[in-house]
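This report concerns only the one structure given below.
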Amino acid sequence: VTLIRREDYLAPAFWIRSVDLSFDLDPAKTLVTSKMRIERNTAVAHGPLCLHGEELNVLRVLIDGESVSFRQDGDLLLIDKAPDADFLLEIRNTCAPEKNTALSGLYTSGGSFFTQCEAEGFRRITFFLDRPDVMAVYTVTLRADKAKYPVLLSNGNLLESGELDNGRHFAKWHDPFPKPSYLFALVAGDLVAREQKVRTRAGRDHLLQVFVRRGDLEKTEHAMNSLIASMVWDEARFNLPLDLERFMVVGVSDFNMGAMENKGLNIFNTSALLASPATATDADFSRIESIVAHEYFHNWTGNRVTCRDWFQLSLKEGLTVFRDQEFSMDMAATPSARAVCRIQDVRQLRATQFPEDSGAMAHPVRPDSYAEINNFYTATVYEKGSEVVRMYQTLVGRAGFEAGMKLYFERHDGQAVTCDDFAQAIADANPGSALATRLEAFKRWYSQAGTPRVRARGVYDELARTYTLTLAQSNPASPGQEHKLPQVIPVALGLLGAEGQALPLQLQGETEAAGLERVLVLDQAEQRFVFINVAVAPVPSLLRGFSAPVLLDDGLSDAELLVLLQHDADAFNRWEASQRLALNRILAAVRSGQALQLDTAYLEAMRAVLKHAGLDAAFKELALTLPGEAYIAEQLEVVDPQAIHAAVEAAQIQLAAALREDWIATFEANSHTGAYSPDPVSSGRRALANLALGMLVLDAKAQSRADAGVWLGRAYQRFKDAGNMTDRLGALAALVNGHAELAEPALAKFHAQFKGDPLVIDKWFALQARAAEQGGRVFAKVRQLLQHPDFSLKNPNRARSLIFSLCMFNPAAFHRADAAGYVFWADQLLALDAINPQVAGRLARVMDRWTTLAEPYRSAALEAIRRVATKPDLSNDVREIIERALA
Ligand code: DPP
Ligand code: ZN
C-alpha cells in the first residue's frame, strides 16, 4: 500500500470558492452537474488542476463555457491548461447509487437516496478537490420522481421547491457557510418528520426536524429531546448557539458509522437514533443521547472550525467526544451519576483503546501516516483524543478551558486548522498555567503512541511526619517509535487515613495545606513529591477520576484497596479499587495456572458493596461486574484467552454462590422500576436487577440446586412479562448466558415478537454471538446463524451484530484451539471486503494483538492472517491492516 505522510502536507494549488450542484436522481444512473468557481492559490507553484474522482463516468468538462482537454489517471482528473485568473469549471458526470455497496458517496437504502462523504466519499459523487482545507459555499438542486422521493434535502436552507414535468419535482438548497466537501449531504426519499420549533437563549428561532421512515416516527421523541438538550447545553456551557434556521437529522438503516455531522443535515444510523421503551435498552437511550449531542456539537467543533488535513482528525473528534462526555455528565446531574458516566467512559477506553495502543495498529492521536484514512477513525483518535482534551481542562481548570475555547473560536472560526492551533489557543488563554509552561512537552500526547505506565510508591516517615511519593513514567516502544520522551501527566490525588479520613495536603515548601485533593504534574521520567505534616501513614488515592490515560502501578495492598473501596471520596477510585481487587485475583490464577479460588476478604467486601445503603444501584452494578476479558489480557505478556475466560467464569460462579442471598434481596429490591424512564436512577436499578438475575440463573445451573427451577422459571417469566426492552433483554441474556434449557424457546419467542424490527433482530443476533462460551456451543450457534434468512453481510448493523460480536467481543468463543474461529474470521473478512471495504477494515482489526497470543492460538492466527494477505484484490483498507499485523 502507498502511505500518505503528514510531513508531506502541501496547501492546495487551487481553491474552490463556491459550487453549484444539480442532481437528476436515479438509482441506476444519477446525473451530476457541478459548476465550480475556482481560483489559483498564488502561494503555491503553478501546476495542473488535479481533481479527485472515483468510480465516476465523466460526460463533459468545460472551463468558462468552453470545452477543455483533460486527462484521467487512476482516480484523478487532470486539467493541464487551467487559467491563471479565476474561472468557472463545469463538470458533468454520472454515478450508480444502487450499485454502491460500500456506502460511501451516494447510495440507496430501503428505496431512498443517502450520502456519506467523510472522509473521502464526495469524490465518489463528482470530481472535486476532496480535501478538508478546500472550503466552498454550496448551492444544491435536487430533481427526482415526486411519488417515490417526496422529500428532497440538502445542507443549509431551502431556497425554493416545485413541480417538474413527468411526475418529477425539485428542491433547491443553499448553505451560507463555506464547508469542506466531507460535510456535504443529500437525502431523497419517502420520509416523515417529527418537527419542533425552538427559540434559543440568543433569541433566534429554529426549526428542528427528525426524518425517518413512516413506521418509525414514534421512536424519534428521545432523539428530539436529546437534540434540544444539546442545544441548550452548548449555549450555556460554551456560549455556542445554533447558526442555521433549520437543523435536520435523518435516519438510515444502512450506514457505516454511528452518525455523521453534515452541516445542518446530520445523517444517522437508525441504531443511534430510534428508541422506544419496548424496543430499545437503557444503553441504547444513553448512546442515542450522546451521539445526537456529539453530531450537534460538531457544528462548532468540526464544521465552523474544521481540520486542515486528516492527520488532524482528533482536532474535531477528540474535542467533540470530550464535549459529548461532558454533556452526558452534566445531564446525569448527581455526583454519583456523573461518576458512573466517567467509569463507563474509562471502561470503554480500556477495552478498546488500550489494546489498540499496544498492538500492530498503535498510532499517535495525530497519526504520522496512513494508507487509508478510514482505518484511522479509531479509539485512539476519538477516545484517547478526548482524554487529551480532558487533561487540558485538568491543567488549566474549567474556567480556563472555557476561556481557551473562546480564544480558539475567535482565532479560527471559518478556518481549517491543526491540533497545534488548538493547543496554542488553550495555552495562550492561560498564560503561566501548568499547561502553558509545559506546552511542547504536553504535545507529546499527540505525537507519541502507546499507553504510558506510571509507577507510584510512597514512604511514610513517622518521626518526620512526611510522606514521600515517588512517581515514575515509562512508555514501551510502538511500531516506528523506539524511544519516547516523558509526557505531561496530571495526577489528581488525595491521601486517606487508615479509617478512611481525608488528610490535608501540604507539599514541602508550602506554608499551609491546600485542600484535600490536588493535581500533581508528572513531567519527568521520575519525580518525588514530599508531603509534610502528615499525621498518620496514608493510603494514597491516585489518578482520581482517571486524570490521565495511563496504566497505573501503585503497588497497593489488598488492605489498602479495601480502605479505598470503603472510604474514598472519589467514586471513580472506589470503583477502581473493586476492579483491582478482582483483577489481582484473576491475574494470579491465570499466571499460576491454578484454579481461581475467591477469598473471604474479597467476597465480604463485595457483599458490603451490594448491601450498602448509601451507594446507588448503578455504582453497585459497575463494582460487582468483573473486569472485561480484553482489559485482563492487556495486563499479560502472553495471552491465553481460554485461561482468562476460565478464571472469569470461576470468579462469576463463586460470586454468584457466595452472595446468593444478597443477589436475591438485590433482585427483589430493584426488579420493579415502574413506568419506563431512561433516567440514571431507574436505569441503574434495572442494570443491577439484570446483573442479579444473571447471577441467580448462573448459580442455579452451576450448583444444580434443588430449587434451580425457581430462578430459571422466574427469568423466563420476567422475559415474557417485561414492560421494557432492558428488562426483557436482561432476562433473555440471563437464560442464554446460563445455557438454560429455556433459552431456546425464549429466543424463538423473541424473534417471532420482533421480526418486523431490524434493530431488535440485531440484538437477537448479538446476544447469541456474545453469549458466554461453553464447550463450543456459542461458536457452533453463530455458524448456524450465518445461514439464517435474516442474516446479511450487506447491512453493516447486521454484519456487526453477528460477525463482529463473535470475533471482537467474545474471545472465548473466537480463540479456539482448533483454529475454526480464525478460519471463520478470514472467510467472513474476504466476503465482506468485496462488499464494503470500510466495514471489512474494522473486522480486520480483530488480529491486532495476535503476537501476544499463547500457542496454539498464535500460529493459527498467523496462518489465517497470511491467507488473507495472499488474496490479490484486497481493498486498501484491509491491505493496510493486514500488512501492519504482519510487519
Ligand atoms: N460521523 C463521525 C463522527 O461524528 C465522523 N465524523 O464521529
Ligand atoms: Zn465525531
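Check region 316-323 and report whether any residue there is out of contact with any Gly (no Cβ under 9 Å at 6 or more places or on another chain), in a loop (DSSP other than H, G, I, E, B) and within 13 Å of ligand 2 (Cβ to nearest atom).
There is no residue in region 316-323 that is out of contact with any Gly (no Cβ under 9 Å at 6 or more places or on another chain), in a loop (DSSP other than H, G, I, E, B) and within 13 Å of ligand 2 (Cβ to nearest atom).
Only one of R237, R246, R287 is at negative phi and within 20 Å of the chain's Cα centre (by Cα); which? If you could, list the steps in order and put the result at the bottom.
Details: R237 fails: within 20 Å of the chain's Cα centre (by Cα); R246 fails: within 20 Å of the chain's Cα centre (by Cα).
Every option except R287 fails the conditions.
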Of all residues in region 249-272 being away from ligand 2 (no atom under 15 Å from the Cβ) and under 17 Å from the mean Cα position of the chain (by Cα), which is surrounded by the most Cβ atoms within 10 Å (Cβ to Cβ)? S271
The condition of being closer than 22 Å to S386 by Cα and away from ligand 1 (no atom under 11 Å from the Cβ) holds, among S271, S276, S286, only for S286
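Given the residues R323, R304, which is the only one that is at pLDDT 95 or above and more than 13 Å from ligand 1 (Cβ to nearest atom)? Even if it seems obvious, please write down each step before you answer.
Details: R323 fails: more than 13 Å from ligand 1 (Cβ to nearest atom).
Checking each option against the conditions leaves just R304.
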In region 587-597, is there at least one residue being assigned to a loop (DSSP other than H, G, I, E, B) and under 30 Å from L485 (Cα atoms)? no
Listed by first then second residue, the pairs whose first member lies in region 310-334 and is over 15 Å from W233 (Cα atoms), whose partner is among the small types (G, A, S) and in a helix (DSSP H, G or I), with beta carbons under 6 Å and at least 6 positions apart or on separate chains, are S314/G385; E317/G385; G318/G385; G318/S386
Kindly indicate whether A85 is at negative phi and in a loop (DSSP other than H, G, I, E, B). yes
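Can you tell me which of T42, T101 is assigned to a loop (DSSP other than H, G, I, E, B), modelled with pLDDT of 95 or more and out of contact with any helix residue (DSSP H, G or I) (no Cβ under 8 Å at 6 or more places or on another chain)?
T101
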Between a residue in region 374-392 that is of a type in the set (F, W, Y) and any residue that is within 13 Å of ligand 2 (Cβ to nearest atom) and in a helix (DSSP H, G or I), which pairs come within a Cβ distance under 6 Å, given they are 6 or more apart or on different chains? Y382/E317; Y382/V321
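Taking the conditions exactly as written (at pLDDT 95 or above and either within 16 Å of ligand 1 (Cβ to nearest atom) or within 23 Å of I291 (Cα to Cα) (or both)), does E387 satisfy them or not?
Here the answer is yes, as E387 does meet what is asked.
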Could you please tell me which pairs satisfy a Cβ distance under 6 Å, a separation of 6+ or placement on different chains, a first residue in region 273-301 that is farther than 29 Å from A416 by Cα, and a second residue that is within 16 Å of ligand 2 (Cβ to nearest atom) and in a helix (DSSP H, G or I)? A275/I288
Close pairs from region 156-167: first surrounded by 10 or more Cβ atoms within 10 Å (Cβ to Cβ), partner part of a loop (DSSP other than H, G, I, E, B), Cβ under 6 Å, at least 6 apart: G156/G264; N157/E245; G167/K146
Using the structure shown, decide if D216 is assigned to a helix (DSSP H, G or I), more than 16 Å from ligand 1 (Cβ to nearest atom) and in contact (Cβ under 8 Å) with a residue 12 or more places away in the chain. yes
Flag if T108 is within 34 Å of the chain's Cα centre (by Cα) and either assigned by TED's automatic domain parsing to the domain that holds G167 or buried (at least 20 other Cβ atoms within 10 Å of the Cβ) (or both): yes
Considering only region 765-816, give the helices (runs of 4 or more DSSP H) lying wholly within it that have at least 2 residues that are hydrophobic (A, V, I, L, M, F, W, C) and under 24 Å from Y631 (Cα atoms). 777-785, 805-809, 811-814
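The values are calculated or read from the model by the stated rules, or taken from the named source; none is laboratory data. Everything numeric in this text was worked out from a predicted model, so none of it was measured. Glycine also receives a Cβ, built like all others from the backbone with ideal geometry; neighbour counts cover every protein chain displayed.
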